[in-house]
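J.: Take this structure, written in structure tokens, and hold onto it; I'll ask about it next.
All of the numbers you see were taken from the coordinates with simple rules; none came from a lab. Nothing here was measured: the structure is a model prediction, and the numbers come from that model. Neighbour counts are summed over all protein chains in view; Cβ atoms, including those assigned to glycine, are modelled from backbone coordinates with ideal geometry.
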Amino acid sequence: MPSFTTQLPDLQATGPLVEMHVGLANEAVEALKKNGTAIPNPVSATALIDTGATASVIHPDIVKQLGLKPVGVANVCTASADNVKCLQYAVLLMFANGVGGPVIALEAPLKGQQIQCLIGRDVLSHAVMIYNGYMKQFTLSF
């Protein structure tokens, strides 16, 4: 089972942050190839692993950089609002260790945070996460 462990100087303040890449889902890549269109490179992103998020979230800048087209709309509830309409996008989320896969991610501004992505329970449902606050580290295994 591939895994990685990250140690952060202030895990409690920052939360479990990971560097990752967000790219086009395979269907979008195939469609662009068929049309002879250039395929955008995956975008680097700092992501927060968020056990409170049902779905993974990407920042609107990532949507723009990749030229993503929405595949749906979802109504979500946040800590401060109900029934917020968010566009959904088919993307490929890849962690630094090369592990990852396709996800339907929501677009949201993630205001006031230094992150471009949330990793939600849609991804965590395929993983084992160990949060070791005493050692200021966490491990994620797929």
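J.: Each label point is 7 Å from the Cα along the Cα-to-Cβ direction; what then is the distance between the points at Thr51 and Val73, in nm?
T.: It works out to 3.4 nm between the two label points.
J.: Using a simple spin-label model with points 7 Å from Cα along the Cα→Cβ vector, what separation in nm is obtained for Gln7 and Ser141?
T.: Between Gln7 and Ser141, the simple spin-label model gives 2.0 nm.
J.: Evaluate E = 1/(1 + (r/R0)^6) for Ser125 and Asp82, where r is the Cβ-Cβ distance and R0 equals 22 Å; express this FRET efficiency to the nearest 0.05.
T.: Once rounded, the FRET efficiency stands at 0.40.
J.: For segment 27-35, what does the Karplus curve 6.51 cos²θ - 1.76 cosθ + 1.60, with θ = phi - 60°, yield as ³J(HN,Hα) per residue in whole Hz, taken in order and with x for Gly and Pro?
T.: 4, 5, 4, 4, 5, 5, 4, 4, 8
J.: Quick one: length gained pulling Ile39 to Ile104 fully straight, 0.36 nm per residue minus the C-alpha distance?
T.: Full extension of this stretch gives 21.5 nm more.
J.: Still on this model: Show the residues, 5+ positions off or on another chain, whose built amide H is closer than 5 Å to the amide H of Ser56.
T.: Residues meeting the amide H criterion: Leu106, Gly120, Asp122, Val123.
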